[in-house]
1. Could you put 70, 228 in order, starting from the residue whose Cβ has the fewest other Cβ atoms within 10 Å?
2. Would you give the gap between the C-alpha center of region 165-197 and the C-alpha center of region 78-114, rounded to a whole Å?
3. Could you compute how fast region 57-271 diffuses translationally, taking Rh as the Kirkwood radius over C-alpha pairs and applying Stokes-Einstein at 37 °C with viscosity 0.692 mPa s? Give it in µm² per second.
4. Quick check on the exposure proxy: order 260, 114 from fewest to most C-beta atoms within 10 angstrom.
5. Seen from all sides and averaged, what is the projected area of the convex hull of the Cα atoms in region 102-225, in nm²?
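A short reminder: the numbers here are calculations on the coordinates, not readings from a lab. What you see is a predicted model; the values in this text were computed from it and never measured. A quick note on method: Cβ atoms are made from the backbone with ideal geometry, for glycine too, and the neighbour counts reach across all protein chains shown.
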């Protein structure tokens, strides 16, 4: 009788314990999403303190208040949205063009040994050409219009995606390919059911690296006679002696790059849900605790 009463009390208390244990887990998971803000907050606090103490000359390194005031002024005038919109458009079209070219050539050279022997040495050599070295050639070909800027960004986007895709295809476990052939997979089935899933993680890494380089190359692109864009805003700040504009442009570049990378990573996450790697161990343990 005593044992039965004890068991009933234990069963009744179990949901309460589950709820109580779930609460700290939820709190921890919500806090983990804000950990990335700690370092920027510390940097801004240190920057503000040193500026207030007079360590930094205001005409060289403006304080956070001056930079924020400059951003607010640009926003109020409508110039900020215009510059951001133009730069985002250039990065978008350059990223799409570079991704398409890299995907086609990367898949071809990764899958075909003949294509790899023909194309890869030339592409590897072109990879070493600095970004600014393309500027005079693209101006000669396309003028100072949008085509030259988008093409330069596409060149920057191309190589990380191409290299990661080729290495991803070449790095597929040979045993998987042999098993597929033993099961008489067609070439299309081999690509769809073996090569594509195995290559996708490397391809996504290439996409994210290519997007980051796209943001770097857009600055060089906006040196080519641009009259709008964050890169133009930065150069204008240099020419007119306004360091707050330069720092504001750098911060806006960083925020835009981070947000677009987060969007790309979020879009790719459903396609990589099958992965069970080291990075997923902590998330899995939290899920089990809940």
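1. Working: 70 21, 228 17.
Ascending Cβ contact count within 10 Å gives the list 228, 70.
2. Comparing the Cα centres of region 165-197 and region 78-114, I get a distance of 27 Å.
3. Values: Rh = 19.2 Å.
In µm²/s, the coefficient rounds to 171.
4. On the way: 260 19, 114 9.
Final ranking by Cβ density, sparse to dense: 114, 260.
5. Directional mean of the projected Cα hull area for region 102-225 stands at 8.2 nm².
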